[in-house]
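Below is one structure, written out as structure tokens; comments come after it.
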Amino acid sequence: MTHTGIGLRIEGLSKSYGRHRVLRDVDLEMRPGEFLAIVGRSGCGKSTLLRLIAGLETPDAGSLTFDRDASSSSRSAVRMIFQDARLLPWETVLSNVRLGVRPELRARGLRDEREARARALLGAVGLADRAADWPGRLSGGQRQRVALARGLMSEPGLLLLDEPLGALDALTRLEMQQLIAELWRASGFTAALVTHDIHEAVALADRVIVLEEGAIVAEERIAIARPRANDDRRFVETAALLLNRILGTMPSSLPSSIPPSDGSALRRDALHPSLPQGSALRGRADEHAERARTP
């Protein structure tokens, strides 16, 4: 199931709803096969950006150019997965996966090949034995696995993930993160993930961008070897620094070097100097800093 991701260049992208400007002159480039995470406060324009890339919304200004000359075939190679699995309750699990095939491929026939691919994808997400079940009999995590298999059915060059794990419990969420990482490495598609979970962004992404009031205000490459453990010091420090950047207490980029392994250079006041003692936000940042300081 190996295929090649597509690249994307965004220039001057803007979008407003009435008088509310959601995106402001966004410039962004995604390399083929890259995994990008998009983080920021609620309402900063993250999901709107994905919807514009997917063609579900029309920009007011700016351009999106795929590395296949923005042709219709490039747009059809884009797939989006939402927080809600959006499965058809009157179709079986297998039938829901089959629905993910691109129309032009469906028109070519090849019914047996589509059936084999759908079953292979169900096996890849660990649900081969649930092919004949109805979606209503699945757990939330299992339904998201079906949605992921459906999204991969068309061999997308670009997979957009709009908080697909947001409604899952902690353990299921970790399992799904591992599954997404494995399928991304195996398939080679380009991925863009919107998430409110900073640890999720650091665990999965090659690069994280921070949106604030519709503009990209920070960008960081995650130079941590895979697979990534969320108790690794570099992981914890990177997550803490990104969190503080979102809270508005950090410079626009992370330091080029990580503090010494004994944690001597990692001080709470250095991580979030402007947060008052006793505040809820300070407490969250303190928790990240404490995890980084603990051997």
Open item on the list: Looking only at the stretch 13-27, filter to residues that are touching a residue at least 24 places away in the same chain (Cβ under 8 Å) and not hydrophobic (A, V, I, L, M, F, W, C); which one of those is surrounded by the fewest Cβ atoms within 10 Å (Cβ to Cβ)?
Closed with: Asp27
Task: Selection within the stretch 213-229 - more than 11 Å from Ile38 (Cα to Cα) and in a strand (DSSP E or B) - done: Ala215, Val217, Arg221
Open item on the list: Condition first: over 26 Å from the mean Cα position of the chain (by Cα), among the hydrophobic types (A, V, I, L, M, F, W, C) and at pLDDT below 90. Now tell me which residues in the stretch 115-137 satisfy that.
Closed with: Ala116
Task: Residue satisfying all of: in the stretch 107-127; among the small types (Gly, Ala, Ser) and outside any helix (DSSP H, G or I); surrounded by the most Cβ atoms within 10 Å (Cβ to Cβ) among these - done: Gly126
- [ ] Can you tell me which residue within the stretch 128-161, out of those that are of a type in the set (A, V, I, L, M) and in a helix (DSSP H, G or I), is farthest from Gly33 (Cα to Cα)?
- [x] Ala128
Open item on the list: Can you tell me which of (1) modelled with pLDDT under 90; (2) part of a helix (DSSP H, G or I); (3) buried (at least 21 other Cβ atoms within 10 Å of the Cβ) is the one Glu104 doesn't meet?
Closed with: (3)
TODO: Scan the stretch 70-84 and report the pairs whose first residue is under 22 Å from Asp162 (Cβ atoms) and whose second residue is modelled with pLDDT of 85 or more and of a type in the set (Phe, Trp, Tyr), with Cβ atoms within less than 6 Å and a gap of 6+ or a chain change.
DONE: Ser74/Phe66
- [ ] Quick one: which residue in Ile224, Ile198 is surrounded by fewer than 20 Cβ atoms within 10 Å (Cβ to Cβ) and within 28 Å of Ile10 (Cα to Cα)?
- [x] Ile224
- [ ] Could you check how many residues of the stretch 35-50 are of a type outside the set (A, V, I, L, M, F, W, C) and crowded, with 17+ Cβ neighbours inside 10 Å?
- [x] 5
Task: Conditions (1) crowded, with 19+ Cβ neighbours inside 10 Å; (2) within 22 Å of Ile180 (Cα to Cα); (3) of a type in the set (Val, Ile, Thr); number of the one not met by Ile10 - done: (2)
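Got a sec? Which of Asp206, Asp231 is surrounded by fewer than 19 Cβ atoms within 10 Å (Cβ to Cβ), at pLDDT below 90, closer than 22 Å to Leu174 by Cα and acidic (Asp, Glu)? Can you show your working first?
Numbers: Asp206 fails: at pLDDT below 90.
Every option except Asp231 fails the conditions.
The values are calculated or read from the model by the stated rules, or taken from the named source; none is laboratory data. For clarity, every value in this text was computed on a predicted model and none was experimentally measured. No Cβ is skipped: glycine too gets one built from the backbone with ideal geometry, and neighbour counts run over all protein chains shown.
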